[in-house]
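**Q** Provided herewith is a single structure, encoded as structure tokens, for subsequent inquiry.
The values are calculated or read from the model by the stated rules, or taken from the named source; none is laboratory data. Given the structure is predicted, the values throughout are model-derived calculations rather than measurements. Every residue, glycine among them, receives a Cβ derived from its backbone with ideal geometry; neighbour counts consider all protein chains shown.
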Amino acid sequence: MRSNIKLGKISGIEIGLHYSWFIIAALIVFSLGEHFRQVDRNWSPSEIWIVALFTAVLFFVTLLLHELAHSLVAQAHGLKVKAITLFALGGISQIEDDASDAKTEFWVAIAGPIASLIIGFGCIAMAAALGWHPSAEPRTAPTAVLVWLGYINVVLGLFNLIPGFPLDGGRVFRAIVWAITKNADRSTRIAARVGQLVAFLFILAGLRSFFGGAGFNGLWTAFIGWFLMDAATSSYSQVDVAAAFRGRRVSEVMSRDCAIVDRGLSLQEFVDTYVLKTGQRCFAVEDHGHFVGLITLRDVGAIPRDRWESTTVREAMRPLEELHIITPDTQVLDALKIMTSNDVNQLPVVANGALQGIVSRSHLIQLLQARSELQHPPAHYAPLHRMKQRGATP
Ligand SMILES: [Zn+2]
């Protein structure tokens, strides 16, 4: 999730909005408008919309405070935080490093829900101080805003404590399992399985209430369930990736047979003699034996076909200055992180100014597949194996 609109920095953390956030902002403003119309029928339409808009902005601030709580606790424990992005389903704190111990993970995860609960109960207490009584509808604009913000933040805090990894509650649960088992990978696998179960229950409950006549709310619950299922499933497979490559260096997994292209070649010559004959997707560009850039099919595709004769490889390639370079000693997991955070599929491995090889996402996936086929033979071998065992025992 990348932010489309950057709002500024807090404590070195980039704060941004994803476009999908505006859909939710609009929905919130409209449903608040409806809500405030019912609170006091004497309000004029413009009063209602101004209060609704103001409340939506305050809601945005409380969401941001929830994410800041995660991020600032992470920073206090020495973890690097890159950005906070608010999107349709809430916020995401992009914490670059993984917590190295269960205690850190626990406090980073629980800080957000604690912040939401404090804000929520704080707003309700303020509304009460301004004369609102829990048994009645709020009468004034300030109490109506405070009561709405109070309830939504309490709900947000409690919802996030549901132990469905990767929700905050799931991370808290993972930290506890981690502290008990002393095994980070195993705790993620257990938390991700529980997360899939929770997500499945969300989808089930959502569909049930949709067919029971709840309409949009039912679909919304099912949609959140589907989103959680996706996230839990991908965290499960991330553990396999981490387990497979932990401690391994780029020099062990890079491909060294990278084709080298001269920078003076025209794109047409390059496509005819290299791309169509080798089927490779990425090529190193050299100038008098020096590595100067990479050219991929994506770069070629960005140039209109009728200009391939007149454009050189040098003009279409990604020059060295724009590439994220790693060395043979870089950890494979760090290389994967660099690829993900910069949205590239390959990284050149350079030592002493010379290209040593290329690490690509597709190559790493092939290595993973080979590894998992060796570890878990295809399922149809199992019955044969059992039969043999049965035959052997008298
Ligand atoms: Zn959170």
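**Q** Please tell me if W148 is more than 20 Å from F60 (Cβ to Cβ), away from the ligand (no atom under 16 Å from the Cβ), buried (at least 19 other Cβ atoms within 10 Å of the Cβ) and hydrophobic (A, V, I, L, M, F, W, C).
**A** No, not satisfied.
**Q** Among V271, V275, V300, V241, which is in contact (Cβ under 8 Å) with a residue 60 or more places away in the chain, in a helix (DSSP H, G or I) and surrounded by 14 or more Cβ atoms within 10 Å (Cβ to Cβ)?
**A** Checking each option against the conditions leaves just V241.
**Q** May I pose another question? If you scan segment 1-49, which residues turn out to be under 30 Å from A136 (Cα atoms) and loosely packed, with under 14 Cβ neighbours inside 10 Å?
**A** Listed by number, the residues that qualify are A26, F30, S31, E34, R37, Q38, R41, N42, S44, P45, S46, E47.
**Q** Just to check your reading of the model, which residue among G247, G264 is over 28 Å from L336 (Cα atoms), part of a loop (DSSP other than H, G, I, E, B) and touching a residue at least 40 places away in the same chain (Cβ under 8 Å)?
**A** Testing whether each residue is over 28 Å from L336 (Cα atoms), part of a loop (DSSP other than H, G, I, E, B) and touching a residue at least 40 places away in the same chain (Cβ under 8 Å) leaves just G264.
**Q** Residues being closer than 20 Å to G8 by Cα and not hydrophobic (A, V, I, L, M, F, W, C): count how many of those fall in segment 64-121.
**A** Of the residues in that region, 13 qualify.
**Q** Kindly indicate whether L64 is surrounded by 14 or more Cβ atoms within 10 Å (Cβ to Cβ) and within 13 Å of the ligand (Cβ to nearest atom).
**A** For L64, the condition - surrounded by 14 or more Cβ atoms within 10 Å (Cβ to Cβ) and within 13 Å of the ligand (Cβ to nearest atom) - is met.
**Q** Filter segment 95-105 down to residues that are away from the ligand (no atom under 13 Å from the Cβ), modelled with pLDDT under 85 and in contact with a His (Cβ under 8 Å, 6 or more places away or on another chain), then give me how many there are.
**A** Of the residues in that region, 1 qualify.
**Q** Looking only at segment 167-198, count every residue that is within 17 Å of M229 (Cβ to Cβ) and among the hydroxyl-bearing types (S, T, Y) and tell me the total.
**A** Qualifying residue count, segment 167-198: 1.
**Q** Then there's this: Please give the helices (runs of 4 or more DSSP H) falling wholly within segment 106-217 in which 2 or more residues are modelled with pLDDT under 90 and either over 30 Å from H77 (Cα atoms) or of a type in the set (F, W, Y) (or both).
**A** Answer list for segment 106-217: 141-160, 184-209.
**Q** Among all residue pairs at least 6 apart or on different chains, which show Cβ distances below 7 Å where the first residue, located in segment 185-212, is closer than 30 Å to S100 by Cβ and in contact (Cβ under 8 Å) with a residue 12 or more places away in the chain and the second is surrounded by 17 or more Cβ atoms within 10 Å (Cβ to Cβ) and basic (K, R)?
**A** S187/R174; T188/R174; A191/R174
Conditions (1) within 22 Å of P166 (Cβ to Cβ); (2) touching a strand residue (DSSP E or B) at 6+ places or on another chain (Cβ under 8 Å); (3) without any contact (Cβ under 8 Å) to a residue 60 or more places away in the chain, marked per residue:
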residue: I13; (1), (2), (3): yes, yes, no
residue: T62; (1), (2), (3): yes, no, no
residue: S71; (1), (2), (3): yes, yes, no
residue: L79; (1), (2), (3): yes, yes, yes
residue: A83; (1), (2), (3): yes, yes, no
residue: L86; (1), (2), (3): yes, yes, no
residue: D97; (1), (2), (3): yes, no, yes
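**Q** Continuing with this model, one more query. Can you confirm whether G293 is buried (at least 19 other Cβ atoms within 10 Å of the Cβ) and not aliphatic (A, V, I, L, M)?
**A** Here the answer is yes, as G293 does meet what is asked.
**Q** Can you give me the number of residues within segment 215-253 that are out of contact with any helix residue (DSSP H, G or I) (no Cβ under 8 Å at 6 or more places or on another chain) and farther than 26 Å from D168 by Cβ?
**A** Going through segment 215-253 one residue at a time, the tally reaches 3.
**Q** Conditions first: (1) within 17 Å of S71 (Cα to Cα); (2) away from the ligand (no atom under 16 Å from the Cβ); (3) not small (G, A, S). P142 passes all but one, so which condition is the exception?
**A** Here P142 clears every test but (1).
**Q** From the list I162, I114, I110, I92, pick out the single residue that is surrounded by 14 or more Cβ atoms within 10 Å (Cβ to Cβ), of a type outside the set (D, E, K, R), farther than 19 Å from L68 by Cα and within 12 Å of the ligand (Cβ to nearest atom).
**A** I162
**Q** Let me ask you something else. Condition check: more than 9 Å from the ligand (Cβ to nearest atom), at pLDDT 90 or above and either part of a loop (DSSP other than H, G, I, E, B) or of a type in the set (S, T, N, Q) (or both). Does S71 satisfy that?
**A** Yes.
**Q** Restricting the search to segment 1-58, which residues are assigned to a loop (DSSP other than H, G, I, E, B), of a type outside the set (S, T, Y) and out of contact with any Pro (no Cβ under 9 Å at 6 or more places or on another chain)?
**A** M1, R2, N4, G12, H18, R41, N42, W43
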